[in-house]
Amino acid sequence: MGGGRASISEPSTQPASSNVNRMKLTVYTAPWCRDCHVAKRWLNQNNISYEEINIDEAPDAAAEVIRQTGKRAIPQFVINGTWVQPYIPGKGFKYQEMAELLGVQP
């Protein structure tokens, strides 16, 4: 046989948060939305990349939010196709729940 060696996969040494880099995250927002600013600041602080869709500028974006969630409530996260509301109206951003969902280590 040839002189090649069998390749053996080593266990991943990347942190769990590296899985976030393979995730597709879309964030529906608007410039006037205070909760949107909080959500985006948290994502940026945790180096989580995302595509932002401004519902005031993107054609049909507000209608898509309503179609998917039944209400015009932003911010909305779409994580690999699954819609998630990252805040509780009147109470704020769900820091712990989003950290667990997105693999962010405290």
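Just a few scattered comments:
- Rg ratio (alpha-carbon, reference 2.2 N^0.38 Å) - the range 19-102: 1.01
- Taking Cα centre as origin and charging only the Cβ of basic (Lys, Arg, +1) and acidic (Asp, Glu, -1) residues, the dipole magnitude of the range 20-106 rounds to 240 debye.
- For the range 51-57, backbone phi angles converted through the Karplus equation (6.51, -1.76, 1.60; θ = phi - 60°) give residue-by-residue couplings of 9, 9, 10, 7, 5, 7, 10 Hz, Gly and Pro being listed as x.
- Phi-derived couplings, Karplus 6.51 cos²θ - 1.76 cosθ + 1.60 at θ = phi - 60°, listed residue by residue for the range 93-98: 5, 8, 4, 5, 5, 5 Hz, with x used for Gly and Pro.
- Reach of LYS71 by Cα under 20 Å, taken over aspartates and glutamates that are not fewer than 8 positions away in the same chain: ASP35, GLU52, ASP56, GLU57, ASP60
- 3J(HN,Hα) along the range 30-35: 8, x, 7, 8, 5, 5 Hz, from the Karplus curve 6.51 cos²θ - 1.76 cosθ + 1.60 with θ = phi - 60°, whole Hz, x for Gly and Pro.
- Cut-off under 5 Å, modelled amide H: who pairs with GLN76 long-range: TYR28
- Close amide H partners of TYR87, meaning residues 5 or more places away or on another chain with modelled amide H under 5 Å apart, are LYS94.
- Maximal additional length on extending the TRP32-TYR95 stretch stands at 20.6 nm, based on 0.36 nm per residue less the C-alpha distance.
Any read-out appearing in this document is the output of simple, stated calculations on the displayed coordinates, not a laboratory observation. Here the structure is a predicted model, which is why all the values come from computation and not from measurement. Virtual Cβ from ideal backbone geometry, glycine too; neighbours counted across all protein chains shown.
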